[in-house]
Each structure stands twice: as structure tokens, then as C-alpha cells.
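The values are calculated or read from the model by the stated rules, or taken from the named source; none is laboratory data. What you see is a predicted model; the values in this text were computed from it and never measured. When we count neighbours, we look across all protein chains shown, and the Cβ atoms used for this are built from the backbone with ideal geometry, even at glycine.
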Amino acid sequence: MSALAYDAASGRYACRAGCGACCIALSISSPIPGMPQGKPAGVRCLQLTADNRCAIFGRPERPAVCDRLRPLPEMCGESAAEALAHIARLEAATRPAG
């Protein structure tokens, strides 16, 4: 895998094809189709396809947190493995105490 591509037209970075790290590492507290209680960190989202793409991308049932999350080189690194490790560290650092 390679670095993120910058889309000048939208002014954003594009997700790395086949990555899916944010769909695994992040905890999501809002309902997801097939996961009505959301998902804990480190658990693969049921909506993540075999090729690591979001099956509900652009659809209204996609959680708002997923829609708002934007890839950045600092978060995604140079590979899916780097992204997964970095996002897992961020998740652990921001986990509520208790």
C-alpha cells in the first residue's frame, strides 16, 4: 500500500483503497446495521466488506462518526498496518476511565 492521495478538487485526502483500519480500530457507540449497540474498538465492523470497503458508504444508515472521519497522513501512515496501529493507540489514549 502507499501514502494517501490528495484530491485537490475536494480539498481532502482520499481513503487508501482496501485499508479499513478505521472500521476495525475505532469504537463506535451509535447503531450500525447488524450491530445495534455499535462496536467496541478492535472489532471488525460487520459492514466492512471482504475487500475492506464500507458496504454502507454514502447511505443514511452509516453512523455520523464514520461520515465525519477524514483520512489524514498523520492518522493513516504509509500502510493499513500503520493506520491500524496508530488508530488503536489513539483509541486507547482517549478511552474513558473505568
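Can you run down the residue pairs with Cβ atoms below 7 Å, 6 or more apart or on separate chains, where the first is in the range 26-47 and over 19 Å from LEU84 (Cβ atoms) and of a type in the set (Ser, Thr, Tyr) and the partner is modelled with pLDDT of 95 or more and part of a loop (DSSP other than H, G, I, E, B)?
Every condition considered, the pairs that remain are SER29/GLY38; SER30/GLY38; SER30/PRO63.
Would you confirm, using the coordinates I've provided, whether GLY38 is at positive phi, at pLDDT below 95 and surrounded by 15 or more Cβ atoms within 10 Å (Cβ to Cβ)?
Details: at positive phi: yes; at pLDDT below 95: no; surrounded by 15 or more Cβ atoms within 10 Å (Cβ to Cβ): yes.
Answer is no for this residue.
Of all residues in the range 46-88, which are surrounded by fewer than 12 Cβ atoms within 10 Å (Cβ to Cβ) and of a type in the set (A, V, I, L, M)?
Residues satisfying the conditions are ALA50, ALA64, LEU72.
Please name all residue pairs, on different chains or six or more residues apart, with Cβ atoms under 6 Å, provided the first residue is in the range 64-86 and is farther than 19 Å from ALA41 by Cβ and the second residue is of a type in the set (A, V, I, L, M, F, W, C).
Listed by first residue and then by second, the contacts come to PRO73/LEU4; GLU78/ALA3; SER79/MET1.
So in the range 55-84, with the set limited to residues that are in contact with a Gly (Cβ under 8 Å, 6 or more places away or on another chain) and not in a loop (DSSP other than H, G, I, E, B), which one is farthest from ALA25 (Cα to Cα)?
Filtering the range 55-84 for residues that are in contact with a Gly (Cβ under 8 Å, 6 or more places away or on another chain) and not in a loop (DSSP other than H, G, I, E, B), the one farthest from ALA25 (Cα to Cα) comes out as ALA80.
Could you check the range 1-14 and list, in sequence order, the residues that are in contact (Cβ under 8 Å) with a residue 60 or more places away in the chain and assigned to a loop (DSSP other than H, G, I, E, B)?
Step one: list which residues in the range 1-14 are in contact (Cβ under 8 Å) with a residue 60 or more places away in the chain, which gives 1-4, 13.
Within the range 1-14, MET1, SER2, ALA3, LEU4 meet the criteria.
Does ALA3 fit the bill of being over 25 Å from ALA92 (Cβ atoms), among the small types (Gly, Ala, Ser) and either at pLDDT below 90 or in contact with a Gly (Cβ under 7 Å, 6 or more places away or on another chain) (or both)?
Details: over 25 Å from ALA92 (Cβ atoms): no; among the small types (Gly, Ala, Ser): yes; either at pLDDT below 90 or in contact with a Gly (Cβ under 7 Å, 6 or more places away or on another chain) (or both): yes.
When the stated conditions are applied, ALA3 does not pass them.
Sort out which residues of the range 16-40 are in contact with a strand residue (DSSP E or B) (Cβ under 9 Å, 6 or more places away or on another chain) and closer than 17 Å to CYS76 by Cα, and write them in order of number.
ARG16, GLY20, CYS23, ILE24, LEU26, SER27
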